[in-house]
Amino acid sequence: APVRKKTEGTDMDVTLLQPLGRRWWLVLLRGLASIVFGLLAWTMPGVTLVTLVLFWGAYALVDGVAALIGGWQAKDSGKPMWQVVLIGVLGIAAGIFTFSQPAVTAVALLMLIAAWAIINGVFEIAAAIRLRKEIQNEWLLILSGVLSIVFGVYMIANPGAGAMAVLWLIGVFAVAYGALLVILSFKLKKHAAPAAAAA
């Protein structure tokens, strides 16, 4: 019985961790896209609102597509990992809305980014809870989710913040969030192949 239990646990790890590990580069892509967006927010202080909207829309689309593919292909008991799939759908919807409304006001843009950050954070924490028994570094996903929620709440609580302060805040969040995803992607990469010990 103990041997059977161990085998079943190994099978559960294989069904979720290996697919996630093989798609580690999608998490890396999300992290790099976030870092690039953050650096653009820092290095272009004179950027117009419309340009910032388009930059963020492009980032949301890239992040959404990568998350959707990763969540759909990483099967959880034979089903797509719905938490990550929802992150993808949310990002794609936010990106499409942004491109369809390029003349959106500054306040509306900030509220959109804040709502995206909060919902995105909730889904990431839910995904981390699902992975907590199978991966040792789920705290990275939890931390990125908490960071995302805190950022979103702060944005909603301070809608009248100056443009420069907002740009710097968005930049700091995007770079920190992206860095956590990059680290997580390399942790997941270790699970890409079946462990030699299992043989």
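Read-outs throughout are calculated quantities, based only on the coordinates presented, and are distinct from any laboratory measurement. These figures come from a predicted structure and were not determined experimentally. No Cβ is skipped: glycine too gets one built from the backbone with ideal geometry, and neighbour counts run over all protein chains shown.
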- Task: Amide H neighbours of Ala74 under 5 Å, at least 5 residues apart or on other chains, H built in the peptide plane: list them.
- Result: Met81
- Item | Simple spin-label estimate for Leu39 and Leu54 in nanometres, 7 Å along Cα-Cβ | 2.0 nm
- Per-peptide average of other Cβ atoms within 10 Å, ordering 178-189, 33-44 highest first: 178-189, 33-44
- Message: What does the extension gain come out to for Val172 and Ala157, with contour length at 0.36 nm per residue minus their alpha carbon separation?
- Response: 3.6 nm
